[in-house]
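The values are calculated or read from the model by the stated rules, or taken from the named source; none is laboratory data. Every value quoted in this text rests on a predicted model; they were computed, and no experiment measured them. Note that each Cβ is placed from the backbone with ideal geometry, even for glycine, and that neighbours are counted across all protein chains shown.
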């Protein structure tokens with residue numbers, strides 16, 4: 001079993017805060033963003049890359065049924081979270097707000113890293129081969145070698161409800177464009 005980054009009681013408590021924290025981030029994003037067409041031109045493609053990374057991961061993830069090791073999971077143990085981090089970074093750039101970037105980073109460290117730790121503990125107990133996989137594949141930042149294997153499946157993408165991230169991204173883009181043009 002891999003050594004947890006955070007103690008389980010802390011990670012459990014923080015995991016319950018993930019959704020409410022997301023709503024607070026959306027409110028802060030809407031209030032503090034001050035985009036320009038130039039910041040949108042740089043930030044939105046970056047976010048789109050993160051969203052594509054998440055979509056690719058969702059199409060390889062059969063939660064709690066089999067250990068995902070193909071596709072983006074061959075490069076990073078947590079491609080959904082890596083994609084989320086890239087989406088947030090792009091939105092922070094698009095919003096032209098250092099404060100939002102720092103807020104997104106703080107939430108990632110204080111909320112998402114403990115959740116990742118909790119999920120790793122769960123995967124270790126569920127799949128006997130997880131420790132070997134974890135020893136070979138980086139936690140978050142993708143490695144640059146070894147082509148991914150496995151087939152993307154739209155059914156898994158839909159089952160994992162990744163279209164919700166796309167809808168949220170499009171709503172965020174619409175808000176930024178509206179603010180930039182106002």
Looking only at the range 96-132, filter to residues that are outside any helix (DSSP H, G or I) and in contact (Cβ under 8 Å) with a residue 40 or more places away in the chain; which one of those is farthest from residue 19 (Cα to Cα)? 129
Filtering the range 136-158 down to residues that are in contact (Cβ under 8 Å) with a residue 12 or more places away in the chain and assigned to a helix (DSSP H, G or I), which residue is farthest from the chain's Cα centre (by Cα)? 154
(1) farther than 25 Å from residue 179 by Cα; (2) under 12 Å from the mean Cα position of the chain (by Cα); (3) part of a helix (DSSP H, G or I): which one isn't true of residue 77, the others all being true? (3)
Go through the range 125-170 and report how many residues are crowded, with 16+ Cβ neighbours inside 10 Å and in contact with a helix residue (DSSP H, G or I) (Cβ under 6 Å, 6 or more places away or on another chain). 7
Any idea which residue in the range 1-57 is farthest from residue 172 (Cα to Cα), counting only those that are part of a loop (DSSP other than H, G, I, E, B) and without any contact (Cβ under 8 Å) to a residue 24 or more places away in the chain? 3
Within the range 61-76, identify whether any single residue is surrounded by 14 or more Cβ atoms within 10 Å (Cβ to Cβ) and either in contact with a strand residue (DSSP E or B) (Cβ under 9 Å, 6 or more places away or on another chain) or under 25 Å from residue 103 (Cβ atoms) (or both), and answer yes or no. yes
For the range 161-170, indicate whether the set of residues that are more than 14 Å from the chain's Cα centre (by Cα) and within 25 Å of residue 18 (Cβ to Cβ) is non-empty. yes
Please work out which one of (1) at pLDDT 90 or above; (2) more than 22 Å from residue 29 (Cβ to Cβ); (3) surrounded by 20 or more Cβ atoms within 10 Å (Cβ to Cβ) is the condition residue 117 fails and give its number. (1)
